[in-house]
Structure formats: C-alpha cells, structure tokens
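Throughout, read-outs are computed from the coordinates displayed, never taken from laboratory work. Treat the numbers as computed from the prediction; the structure is a model and nothing was measured. We place every Cβ from the backbone using ideal geometry, glycine too, and count neighbours over all the protein chains shown.
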Amino acid sequence: MQISLHILPHGQGIPLPEYATPHAAGMDLRAALPESEIWVVPPGERRLVPTGLVVAVPVGFEAQVRPRSGLALRHGVTVLNAPGTIDADYRGEVAVLLINHGAEPFEIRRGDRVAQMLVAPATTWKWEPEMQLAALGSTERGEGGYGSTGR
C-alpha cells in the first residue's frame, strides 16, 4: 500500500517516518519543532506535538498513532488518546498528544521520535436494532461485566 503525504514547511528537513526494523508494525513519527526550541512536558502535563505531515489515508483504513515503548519505559511518556485515529477523510497535520506520567520533566527536540503510526483496516457497519433482548442470543458470559472473567 502507498499513502500520499505532504510535508508542511516546518517539517522540511526531518526524516520521513520509517520502519525501525524489517518486521516493525509501525513507523516512527518525529517532532517538527523549530530548531532553536526545546519543549518541556512537566510531570502530569500534556502537549500536542506537531509532525509537519499531512497524510491521505485510503478509504477503508485508519492510521493509528501509538506510544513508543521506550519512551513509556524510560520516561513514563505515552500517547494520551492511544491509539489516536487518523481518519481517511482528515487532511490536517498529524499531531501527537503526549502526556508525561513520569516523575521528571520530559524534553522534546526537533526530529525526536515521539510516537509510532501504523495503518489498519477500518470496517464500517450499521446498527440493527432488536426490540427484544432475547433476540441478541445468550452466551456463557451473559451480563458479566468489568472483572467478571478474572480472579
């Protein structure tokens, strides 16, 4: 699959997202900050980080913005709305909503890898309302909700 993209002026000169290894599921997204700036995300705070990219996700798919495991492990930094969804009809800049759950301020510089993006099928559906609950059928689990299948 090929996905068209446009690089915004503030994203010029930053490497395009790429797979870190041959079998990686996602490509790393990089921060498109001004060269002279360091953004700081204090503990407990969040920041919307621009990537400088506009993408055209094919109809029937979504792009998912996900955390980088190393940032989560080493710094407690993750994507707040993970996975963030980029819909096929969105044509704005891809941005990453980071939150710092760590104990120390987290610094972001131009070109830093801040998240990963992967593309996945997005199925559409229609609701089929049933007037009688019994029409939905029964299962072994039934109405068991949160925690009902664990210890």
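Brief remarks follow.
- Ordering of 49-60, 132-143 by packing [mean C-beta count within 10 Å, highest first]: 49-60, 132-143
- Linear extension gain, E143 paired with D89, 0.36 nm per residue minus alpha-carbon span: 15.8 nm
- Within region 1-97, trypsin sites (Lys or Arg not before Pro) in DSSP loop having at most 16 other beta-carbon neighbours inside 10 Å: R91
- Amide H to amide H distances under 5 Å link V114 with L29, R30, A31, where only residues 5 or more positions off or on other chains count and H is placed in the peptide plane.
- Amide proton proximity set for V49, modelled H, under 5 Å, gap of 5+: V96, L97, L98
- Difference of contour (0.36 nm per residue) and Cα-Cα distance, S4 to R74: 21.9 nm
- Highest mean first, the peptides 39-45, 23-29 sorted by other C-beta atoms within 10 Å per residue fall in the order 23-29, 39-45.
- Length-normalised contact order of the chain in % [C-alpha pairs under 8 Å, at least 6 apart]: 29 percent
- Region 4-121 gives an Rg/Rh value of 0.95, both radii derived from C-alpha positions and Rh following Kirkwood.
- Note, ³J(HN,Hα) from phi for region 24-38, Karplus 6.51, -1.76, 1.60, rounded to Hz, x at Gly and Pro: 5, 7, x, 9, 6, 9, 10, 6, 9, 9, x, 3, 8, 10, 10
- Applying the criteria of a DSSP loop state and at most 15 other Cβ atoms within 10 Å to the chymotrypsin sites (Phe, Trp or Tyr not before Pro) of region 49-151 yields Y90, W125, W127, Y146.
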